[in-house]
1. Among (1) farther than 23 Å from VAL77 by Cβ; (2) open to solvent by less than 10 Å² (accessible area, probe 1.4 Å), where does GLU12 come up short?
2. Regarding ALA436, is this residue within 16 Å of the ligand (Cβ to nearest atom) and open to solvent by less than 10 Å² (accessible area, probe 1.4 Å)?
3. Which residues, counting only those in the range 32-76, are touching a Leu at 6+ places or on another chain (Cβ under 9 Å), closer than 30 Å to SER130 by Cβ and in a helix (DSSP H, G or I)?
4. Working only within the range 357-391, note down all residues that are in contact with a Cys (Cβ under 9 Å, 6 or more places away or on another chain) and closer than 17 Å to LEU208 by Cα.
5. Output the number of the condition that ARG321 fails; it satisfies all remaining conditions of (1) more than 15 Å from the ligand (Cβ to nearest atom); (2) within 30 Å of ALA470 (Cα to Cα).
6. Of the residues ALA305, ALA366, which is open to solvent by 20 Å² or more (accessible area, probe 1.4 Å) and either among the aromatic types (Phe, Trp, Tyr) or in a loop (DSSP other than H, G, I, E, B) (or both)?
7. Among the listed residues PRO416, PRO405, PRO430, identify the single one that is under 22 Å from GLY128 (Cβ atoms), open to solvent by 20 Å² or more (accessible area, probe 1.4 Å) and in contact with a Gly (Cβ under 9 Å, 6 or more places away or on another chain).
8. Six or more apart or on different chains, Cβ under 8 Å: which pairs go from a residue in the range 121-132 that's of a type in the set (Phe, Trp, Tyr) to one that's at pLDDT 95 or above and within 7 Å of the ligand (Cβ to nearest atom)? Could you list them?
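The values are calculated or read from the model by the stated rules, or taken from the named source; none is laboratory data. None of these values were measured; they are calculated from a predicted model. Virtual Cβ from ideal backbone geometry, glycine too; neighbours counted across all protein chains shown. Protein only, heavy atoms only, side chains kept; ligands, DNA and RNA dropped before computing areas. Shrake-Rupley method; radii C 1.70, N 1.55, O 1.52, S 1.80 Å.
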Amino acid sequence: MLSALTITEAHEKLRKKEISTEELVRACIDRIEAVDGILNAVVHRNFERAVEEAKMVDATGEFSSPLTGIPYLTKDVFCEEGVPTTACSNILRGKTYIPPFDSTTTKRLKTCGAISLGKVNTDEFTMGCSTETSCHGVTRNPWDTTRVAGGSSGGSAVAVSSNECLFALGTDTGGSIRQPAGFCGCTGLRPTYGRTSRYGVMSMASSLDTIGPLCKTVEDIAIVMEAISGKDPLDATTGNVPVPMYRQTLKSAMKGLRIGLPKEYFIDGMSDDVERAVREAANVFASLGAIVSEISLPMTKYGVATYYVLVPCEVSSNMARYDGIRYGHTVENPESLLDYYERVRSDGFGPEVKRRIMIGTFALSAGYYDAYYRQAQKVRILIARDFEEAFQKVDAIISPVSPTPAFTIGAHEGDPVAMYLEDIFMCPQPMAGIPALSLPCGFSKSGLPIGLQIMGPQWEDGRVLKIGHAFEQATEWHERKVAI
Ligand code: GLN
């Protein structure tokens, strides 16, 4: 199956003219047609344009970038010129929003000749851990279709794991790339904050949002990162830091590298399968010559609470722009401007978005600002300091991605706090702005993938990838294929 190729493998075959771009694109389209009726990962299909682009690439016959002619899917929050983009929310689907411009990331991929097949499912405006809050319905986990894919980039992870495309783009504010990659058995990188541009990607919490790739291998992540990283004049939070040739750094040795295992990431109630898989991963690193030691990140226990104050505050501000005047959902015969706003936003937003707007508005209001928002900002600094201190003792930190493998669809229905607790191991890194990779490190007894998280200091995305690559070379977890 051509759509199961990695980017590296497909590039070789394209370059040697063993396959054509059109064949590769059509293989992905056929795969989507075959399995997506069950999985529900793809929410907008851009197939005609993709085939046209493939023909154009074949006509030139040049594969100068490893991404030339490579088909991919994009989370439905990235603007692509002329392609409907809804953030999987009724507020943008009612009168479908069609962006007149490209996000910096999709533009950079276009410049390399990569081919966008369309949009994939996400929790509404990326708020969630299960892709259950999407207006397009839930995305199913290809390893067990009664279970969630994770979220919010559930569509991206499923599309990659089930070979509907060669790679996908996601966003990670508090785990949305790492957790679905872990639940679905693929690899995803949350880059250093400011490494990739947020321009043209719908915001959730701007001081935490990052965009990154989900792929079949770490080497493929390195390829996509080389193409999409770097300073962008259109996003002032991107750093003016040179982009390394990530692929070259993959091969350096692991010997002597110090890896920390934080004791706060092994908690009561976590699954035995997850704990065993991550401890075995630590042994793999030791056998490769790394020095593994236990460390402490004492502020971890405040991660979820701090994150779930800061995020709703930023959400309440970012969601204010969806007023139904300039684009998106509209209502008929309003009695007044206020009535119009109220009805558009009441109809358009789902319950999780409304909950966060209300919590954020409350926490930012006079009298509560100091008690909640300012306090949370202070704790955020302490969490960042935890990592700074740890990285003086170790070069990287490993942990589980989630305390359990993928949960059943509907398991947390009506219990938002239980859902928020799913993020327990993924909230601290965004507050410190550090890179974190998720990759497969085992399977549960019932056959569900388990994710390993590898964290590094700010701007050391290359180090994180190198460690992930070494693990991948020493194990076979990433080679297991879904049965669907
Ligand atoms: N699950 C987290 C949340 O609901 C993370 C979401 C994300 O990273 N976009 O906020």
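1. (2)
2. Numbers: within 16 Å of the ligand (Cβ to nearest atom): yes; open to solvent by less than 10 Å² (accessible area, probe 1.4 Å): yes.
When the stated conditions are applied, ALA436 passes them.
3. Within the range 32-76, ILE32, PHE47, ALA50 meet the criteria.
4. Once the filter is applied, which keeps residues that are in contact with a Cys (Cβ under 9 Å, 6 or more places away or on another chain) and closer than 17 Å to LEU208 by Cα, the range 357-391 yields GLY360, TYR373, ALA376, ILE383.
5. For ARG321, the exception is condition (2).
6. Details: ALA305 fails: either among the aromatic types (Phe, Trp, Tyr) or in a loop (DSSP other than H, G, I, E, B) (or both).
Criteria check complete, one pass: ALA366.
7. None of the other options fit; the residue is PRO405.
8. Qualifying pairs under 8 Å: PHE125/MET204.
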